[in-house]
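Written out below as structure tokens is the structure these notes cover.
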Amino acid sequence: MKCALTEEQSYVLGLLVGGGTLSSTAFSITLPLDKWGANPHNMRIIASDILTKMQNTFTKAYGIKVNYELLNKGNWRVHPEGPYDLSAIVSDLKYLRLPTTGQLIDEADLSYAKSVLSGLKAEKFLSGIFDARASLTKSHRRFFDEAPVVSIEVPGSTQNFKFVVQLCCWLTDMQSVTDQILFNHPNQHSASDPTYTSWRKGFKIRFLAKSFITKHCFNMKAKAISAIKLVARQNVKQQPPCEVRNCRAGTISIHKEIGSPDLPYEVRNKIFLHYHHICAAMSCPHAPYDNVREMVCDSFQHISVLPLLSKGNYDEMDVLHKDIMLKYFSDYERYKVKMKCSVFLERYEDFYSESRTGIAYLFSEKLKGKRHLGPQEKIIKNSLNDYMDLKMIPGTDYAPIFLGTPLNNRGIIISSVKGFANQKLLREMIKIKGIDIDVISKK
């Protein structure tokens, strides 16, 4: 089927899908450029992009003049200069079977657009999404500075898992190789702490910079320049294709909001051991299904009913630990002792997988929310001779442990997947069918 759209129209529609809100009489396109968009050097180029290249594209596509306004936190908003008849835009969105009102990304389904757009029209449509959603912040990297990434960021408020998987699949079909996906799911944003309420951090589709820029482009000059600078910093090999990637299961606590209505039914009340596990559940053809099935078969070694790592103030965590003890270990009494950090790690690290992350939280000089700031190993090395309050049940099979530092007013609870109590609870609470790990009860 020959697509009736022009390249300019394809770009505008992609931009609207990526960041647009549309009504019968007006539209606005938010560009969430954050700190990168607040940089004075970038601001000058972004303004020029909007007033020249983007303006020319809108005029040629739909006869519309646009302008911009600066929002808070480095965000920009593009809007028409006056009232326009938007029926042509609405008609073209309908042609691609895309939403025509509200925030388009909330309900966008890319399957038909992918089937009719090809060549430069497909690239222009995608570059509109990239201009609206791709982040080029230097801090985006795979663990170290030599692995910079282009991160396509979708707000969690959309709940649109399907859009994220479809977009990633489309790019993969075009020979891009995804580095990583972060889904807006508590197993991804709060794997260890089942009580963490701020897990709704949105979606991120990450590509190593070279993988992205060799296949795709930005229409905005400002983003193209920054992407090229990122490529110059990359000094690591590309990821292998998703289908043959050997992914390893993470260790997951069953989050208290695993059944949240913010999650679509495909992923609600389900546990996922890896982002590729979510891709498979969403039927992505590129997911490594054999690898996912292997992880699911071994899932009892990777799931904890009890908190793998909960962090908070001393008294809060102490009370939570008491509650857990009363609920699951009521026949035992816990005892308290002071223990040197080095001694604790020597005795218990092999059984409690989040020990080092928890201790880094306890002794970090500064925190960002509930995360330690600075290299974890350096914090631990500097704390090996410090003492912690330890509260536990002696003689039990890896029961949860409380660790606290009264001077910092910090406490943590750590649990072991290997514990007898955890394995017993798992048999009561989850049901495995195929690649699905369903939570059937939250005790």
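Checking Tyr112 against (1) free of Cβ contacts under 8 Å to residues at least 12 places away in the same chain; (2) within 25 Å of Glu153 (Cβ to Cβ); (3) in a helix (DSSP H, G or I), which single condition isn't satisfied?
(1)
Just to be sure I understand the filter: pairs with C-beta atoms under 9 Å, separated by 6 or more residues or on different chains, first member in region 260-271 and closer than 19 Å to Ile432 by Cβ and without any contact (Cβ under 8 Å) to a residue 24 or more places away in the chain, second member part of a loop (DSSP other than H, G, I, E, B) and polar (S, T, N, Q). Which pairs pass?
Arg268/Ser260
So how many residues does region 187-208 have that are part of a loop (DSSP other than H, G, I, E, B) and within 22 Å of Leu171 (Cβ to Cβ)?
Summing the residues that are part of a loop (DSSP other than H, G, I, E, B) and within 22 Å of Leu171 (Cβ to Cβ) in region 187-208 gives 2.
If you go through region 24-70 one residue at a time, how many are at pLDDT below 85, closer than 27 Å to Leu93 by Cβ, within 29 Å of the chain's Cα centre (by Cα) and open to solvent by 50 Å² or more (accessible area, probe 1.4 Å)?
Residues that pass the stated criteria total 0.
Considering region 394-426 alone, what residues qualify as being among the small types (Gly, Ala, Ser) and within 27 Å of the chain's Cα centre (by Cα)?
Gly411, Ser415, Ser416
Can you name the residue in region 100-109 that is in contact (Cβ under 8 Å) with a residue 60 or more places away in the chain and assigned to a loop (DSSP other than H, G, I, E, B) and is also nearest to Gly18 (Cα to Cα) among such residues?
Filtering first and then ranking leaves Ala108.
Cβ-Cβ distance below 6 Å, separation of 6 or more or different chains: which pairs start in region 70-86 with a residue that is more than 20 Å from Asp49 (Cβ to Cβ) and end on one that is of a type in the set (A, V, I, L, M, F, W, C) and open to solvent by less than 90 Å² (accessible area, probe 1.4 Å)?
Tyr84/Ile64
Would you confirm whether or not region 245-257 contains a residue that is in a helix (DSSP H, G or I) and either out of contact with any strand residue (DSSP E or B) (no Cβ under 6 Å at 6 or more places or on another chain) or modelled with pLDDT under 95 (or both)?
Applying the first criterion (in a helix (DSSP H, G or I)) to region 245-257 yields none.
No: zero hits.
Considering only region 76-97, state which residues are within 15 Å of Ser28 (Cα to Cα) and open to solvent by 30 Å² or more (accessible area, probe 1.4 Å).
Arg77, His79, Glu81, Pro83, Tyr84, Asp85, Val90
Restricting attention to region 296-316, report how many residues are open to solvent by less than 50 Å² (accessible area, probe 1.4 Å), modelled with pLDDT under 95 and of a type outside the set (Val, Ile, Thr).
So the count comes out to 10.
Could you list all residues from region 1-18 that are in contact (Cβ under 8 Å) with a residue 40 or more places away in the chain and either open to solvent by 10 Å² or more (accessible area, probe 1.4 Å) or charged (D, E, K, R) (or both)? Walk me through it before giving the result.
To start, the set of residues in region 1-18 that are in contact (Cβ under 8 Å) with a residue 40 or more places away in the chain comprises 1, 3-18.
Hits for region 1-18 are Met1, Cys3, Ala4, Thr6, Glu7, Glu8, Gln9.
Is at least one residue of region 346-362 farther than 30 Å from Gly374 by Cα and aliphatic (A, V, I, L, M)?
No, there is no match, as no residue in region 346-362 is farther than 30 Å from Gly374 by Cα and aliphatic (A, V, I, L, M).
Within region 393-404, does at least one residue satisfy the condition of being open to solvent by 60 Å² or more (accessible area, probe 1.4 Å) and either of a type in the set (Asp, Glu) or touching a strand residue (DSSP E or B) at 6+ places or on another chain (Cβ under 9 Å) (or both)? Break it down into steps so the answer makes sense when it comes.
First, the residues of region 393-404 that are open to solvent by 60 Å² or more (accessible area, probe 1.4 Å): 394-395, 397-398.
Keeping just the survivors that are either of a type in the set (Asp, Glu) or touching a strand residue (DSSP E or B) at 6+ places or on another chain (Cβ under 9 Å) (or both) gives 394, 397.
Among the residues of region 393-404, at least one is open to solvent by 60 Å² or more (accessible area, probe 1.4 Å) and either of a type in the set (Asp, Glu) or touching a strand residue (DSSP E or B) at 6+ places or on another chain (Cβ under 9 Å) (or both), which makes the answer yes.
In region 56-75, what count of residues is obtained for those that are in a loop (DSSP other than H, G, I, E, B) and closer than 21 Å to Phe125 by Cα? Lay out the reasoning, then the answer.
Keep residues of region 56-75 that are in a loop (DSSP other than H, G, I, E, B), which gives 63-65, 71, 75.
Subsequent filtering for residues that are closer than 21 Å to Phe125 by Cα retains 63-65.
Selection size over region 56-75: 3.
Failed condition for Gly374, given (1) open to solvent by 10 Å² or more (accessible area, probe 1.4 Å); (2) in a loop (DSSP other than H, G, I, E, B); (3) closer than 16 Å to Ile324 by Cα, with all others met?
The single condition Gly374 does not satisfy is (3).
With Ile380, Ile437, Ile430 as the choices, which residue is open to solvent by less than 20 Å² (accessible area, probe 1.4 Å), in contact (Cβ under 8 Å) with a residue 40 or more places away in the chain and touching a helix residue (DSSP H, G or I) at 6+ places or on another chain (Cβ under 7 Å)? Working first, answer last.
Details: Ile380 fails: in contact (Cβ under 8 Å) with a residue 40 or more places away in the chain; Ile430 fails: touching a helix residue (DSSP H, G or I) at 6+ places or on another chain (Cβ under 7 Å).
The conditions single out Ile437.
Would you mind stating whether Lys53 is part of a helix (DSSP H, G or I) and within 26 Å of Asp34 (Cβ to Cβ)?
Spelling it out, Lys53 is indeed part of a helix (DSSP H, G or I) and within 26 Å of Asp34 (Cβ to Cβ).
List pairs: first residue in region 349-370 and under 15 Å from Ser192 (Cβ atoms) and in contact (Cβ under 8 Å) with a residue 24 or more places away in the chain, second residue of a type in the set (S, T, N, Q) and assigned to a strand (DSSP E or B) anywhere in the structure, Cβ distance under 7 angstrom, at least six positions apart or on different chains.
Leu362/Thr405
Could you check Asn269 against (1) open to solvent by 20 Å² or more (accessible area, probe 1.4 Å); (2) on the phi < 0 side of the Ramachandran plot and say which number it fails?
With respect to (1) open to solvent by 20 Å² or more (accessible area, probe 1.4 Å); (2) on the phi < 0 side of the Ramachandran plot, Asn269 is out only on (2).
Consider only pairs whose beta carbons are under 7 Å apart and that are at least six residues apart or on different chains; among these, list those whose first residue lies in region 312-327 and is in a helix (DSSP H, G or I) and whose second residue is loosely packed, with under 12 Cβ neighbours inside 10 Å and not small (Gly, Ala, Ser).
Taking only residues 6 or more apart or on different chains, the pairs are Tyr314/Pro406.
The values are calculated or read from the model by the stated rules, or taken from the named source; none is laboratory data. The structure presented is a predicted model; accordingly, all values stated were derived computationally and were not measured. Using ideal geometry, Cβ is built from the backbone for each residue, glycine included, and neighbour counts are taken over all protein chains shown. The protein model used for the area step is the full one, side chains on, heavy atoms only, and it has no ligands, DNA or RNA in it. Shrake-Rupley method; radii C 1.70, N 1.55, O 1.52, S 1.80 Å.
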